Structures are given as structure tokens and as C-alpha cells.
Amino acid sequence: MKKFFLSLWLWFSRNPLQQKGATMIEYALIAGLIGVTAATILGTLSGHLNDVFQNISTRLDSLTP
């Protein structure tokens, strides 16, 4: 039984596809986390940005003769 687990462990440690798959999953998780963070930040700031642009628009309208 020890030989089986040892050979299985050696196979997994030497198989480069396992490393590539793990790296791809890590990159996908990082990209997902960045996407969720960006969506949260933009959702939070959207109201504030709307107020800023509305204020700019109002001031520009008051300057127009």
C-alpha cells in the first residue's frame, strides 16, 4: 500500500499538467476577485460620480449666455 501511495505521489509531483492546471485556476480566481472588487467599487462610487457630473453640468449651464 505504501508503494502505491508513493508512486501516486511521485506521479502527481512530476506531472506538469497538474501545475499548469493549478496555475490557470489561480489566475482565474485572481481575475474573478479583481472583477468583483471593481464592480463593488464602481457601484459604490456611481452615485457620487453622478453628483459630480450633475454639478459640472449645472455650473456650465449657468455660464452659458
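Quick notes on this one:
- If the segment from His48 to Leu8 were pulled out straight at 0.36 nm per residue, it would be longer than the present Cα-Cα gap by 8.8 nm.
- Cα-based Rg / Dmax (Å) for segment 22-65: 18.7, 63
Computed from the coordinates by the stated procedures, all read-outs in this text should not be read as laboratory data. Small disclaimer: the values here were computed from a predicted structure and weren't measured.
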